[in-house]
1. Separation between the VAL11 and ARG52 pseudo-spin-labels, each 7 Å from Cα along Cα→Cβ, expressed in nm?
2. So how far apart, in nm, are the two label points at THR28 and ARG40 if each is 7 Å from Cα heading toward Cβ?
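Taken together, the values in this text are just the output of simple stated rules run on the coordinates, not laboratory data. What you see is a predicted model; the values in this text were computed from it and never measured. Using ideal geometry, Cβ is built from the backbone for each residue, glycine included, and neighbour counts are taken over all protein chains shown.
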Amino acid sequence: MYTLIEYPIGVVVEAFVLSMDEERLRVTAAGFSDVLEFTRSGQEWLTEEGQRIEMAFLQCGVHEAAPVFPASLALAACASVPHHT
């Protein structure tokens with residue numbers, strides 16, 4: 001699954017989910033040579049250093065794009081996906 005990761009400083013990283021469960025998320029991300037791992041604390045995802053991040057999971061088909069969360073971040077990513085009517 002394709003995802004976007006937004007860091008507090010405003011940097012958005014494109015990534016692909018390798019594995020995910022309720023407590024842990026592992027992704028391979030553009031521009032990173034190693035796998036990134038995040039853990040869940042309540043409703044928040046945290047980096048290995050404890051930095052809070054926002055996640056947007058995106059499901060795009062041939063004729064549609066469906067943001068999962070948060071909508072504004074996911075829709076920004078899908079704007080570059082060709083949309084056929």
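1. For VAL11 paired with ARG52, the spin-label model returns 1.9 nm.
2. Going by the 7 Å Cα→Cβ label model, 2.4 nm.
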